[in-house]
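Taken together, the values in this text are just the output of simple stated rules run on the coordinates, not laboratory data. The shown structure was predicted, so the numbers you read here are calculated from the model rather than taken from an experiment. All Cβ positions, even for glycine, are placed from backbone atoms using ideal geometry, and neighbour counts span all protein chains on display.
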Amino acid sequence: MRAADSTRLKDMVEVPGGTFRMGSDRFYPEERPVREVSVGGFLIDSHPVTVAEFRRFVKATGYVTSAEQTPEAADYPDADPDLLVPGSLVFRKTDGPVDLRDYRNWWEWVPGAEWRHPEGPGSNVGGRERHPVTHVTPADAAAYAEWAGKSLPTEAEWEYAARGGLDGAIFTWGDEFTPKGRMMANTWQGEFPWQNLLLDRYEGTSPVGTFPPNGYGLHDMAGNVWEWTDDFFTTPNSNGAPACCAPRNPQGPEERFPRRVIKGGSHLCAPNYCLRYRPAARQGEAIDTSTAHIGFRCVVRPSASTEA
Ligand SMILES: [Ca+2]
């Protein structure tokens, strides 16, 4: 069953096609090199898919997300059988500084964590209907998109839209992190992963649209939640440690599952560790993994887009 056409294009913004400089040579290796890429015009959701929107999809279809399903033992031959239960990855702030090379210091596999229970059983999304939905895999995002009559963006489409017409700028709003002292996105201020100064007022996710839109009128293209794209993650540096931003489902052996590109950074991105609330930033996340800091948004293509 499809979403009604009358509501389908609500809250979508038209992004004109064009050519832009994709990537950055100034930050992390996986963003290099800067290259010219062309995309066709498309419509894109003005904000990440919210809990309320995802709930409508689940109510209409009875869809069960990946995090709510028992992992197949055959996919995780080395896993502790006790961990082969439905669950997802939840962030735990630490009491003090920890070894930043090991993301297990702040990511916890929590049985029962899923989109309705973002911190695990006992938590709920009451009051967070306008927050981005989390704990979704690419399969979940694709199922939502199909129901909505939409698609997941390519990485190029996503980055082009995030730049909002500011070709080559560091951030989606320009080159200065806090223009005139204003916080422009939900990121992490302070020393990750133990000291969150909350200068932007939000410890976890924030309601979509809380922070100013970019030049195309798109909200939350930086921070709040990472967003899945439709592209597989490839880079000469693909074995680099993604650490804070892209934890793996701890049940799975390394590299068993392909990775897809996630974009935009999240509320957990801190400059001391993961300065990735930038349009060029990218990470590869295994497709079996869901977390409390990854969501998605959709596009509609009037015509096929092409990369140069
Ligand atoms: Ca924050």
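Taking a straight line from the alpha carbon of Lys59, these lysines sit under 23 Å away, with near neighbours fewer than eight places off in the same chain left out: Lys10, Lys150.
Cα convex hull, the chain: 132 Å³ per residue, rounded to a whole number. A simple spin-label model places the labels of Arg182 and Glu146 4.2 nm from each other, with each point 7 Å out along Cα-to-Cβ. Here the mean projected area of the convex hull built on the C-alpha positions of the range 1-138 is 13.2 nm².
The H on the amide N of Phe233, modeled in the peptide plane, is under 5 Å from the matching H of Arg259, Arg260, Val261, each at least 5 residues off or on a different chain. Projecting label points 7 angstrom from Cα along Cα→Cβ for Arg130 and Ala60 puts them 2.2 nm apart.
What the phi angles of the range 139-147 give under the Karplus curve with 6.51, -1.76 and 1.60, with θ = phi - 60°, is a coupling list of 5, 5, 5, 5, 5, 4, 4, 5, 4 Hz, glycine and proline written as x. In order along the range 152-168, phi translates into HN-Hα couplings of 7, x, 6, 4, 5, 4, 4, 5, 4, 5, 5, 6, x, x, 8, 4, x Hz, rounded to whole numbers, per the Karplus curve 6.51 cos²θ - 1.76 cosθ + 1.60 with θ = phi - 60° and x for Gly and Pro.
In order along the range 203-214, the Karplus-derived 3J(HN,Hα) couplings, from 6.51 cos²θ - 1.76 cosθ + 1.60 at θ = phi - 60°, round to 7, x, 5, 10, x, 4, x, 5, 9, x, x, 8 Hz, and Gly and Pro are given as x. For His219, His293, the sequence from fewest to most other C-beta atoms within 10 Å is His219, His293. The Rg/Rh ratio for the range 1-75, using Cα coordinates for both the radius of gyration and the Kirkwood hydrodynamic radius, is 1.13.
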